[in-house]
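Reading through the structure tokens given below for one structure.
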């Protein structure tokens, strides 16, 4: 699984805590605003689903 998250988004910590690996970054512009995104990925989402299940 792969998610793209804005670099300045506080959710980055959430994805890192769930074991997401930083895979890539990209810069882009929307309506004149320069933004940065980070891609987080999990090669095996069963690890991700177990992590979430253990927290609830």
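Per residue of the chain, the DSSP helices (runs of n ≥ 4 H) give a summed -39500 (n - 2.57) that works out to -9000 deg cm²/dmol at 222 nm. Values (i) 4, 19, 26, 21, 14, 8, 5, 3, 0; (ii) 4, 15, 27, 27, 16, 10, 1; (iii) 4, 15, 10, 11, 9, 8, 8, 7, 6, 5, 5, 4, 3, 2, 2, 1 are given for comparison; P(r) over Cα pairs in 5 Å bins from 0, in percent, derived from the coordinates here, is the one labelled (i). Sorted fewest first by neighbouring Cβ atoms within 10 angstrom, 31, 5, 47 come out as 31, 47, 5. Annotation: the residues 30, 45, sorted from fewest to most other C-beta atoms within 10 Å of their own C-beta, follow the order 30, 45.
Since every read-out is calculated from the coordinates, none of them should be taken as a lab result. Keep in mind that this is a model prediction, so the values were computed, not measured. Cβ atoms come from the backbone with ideal geometry, glycine included; neighbour counts cover every protein chain shown.
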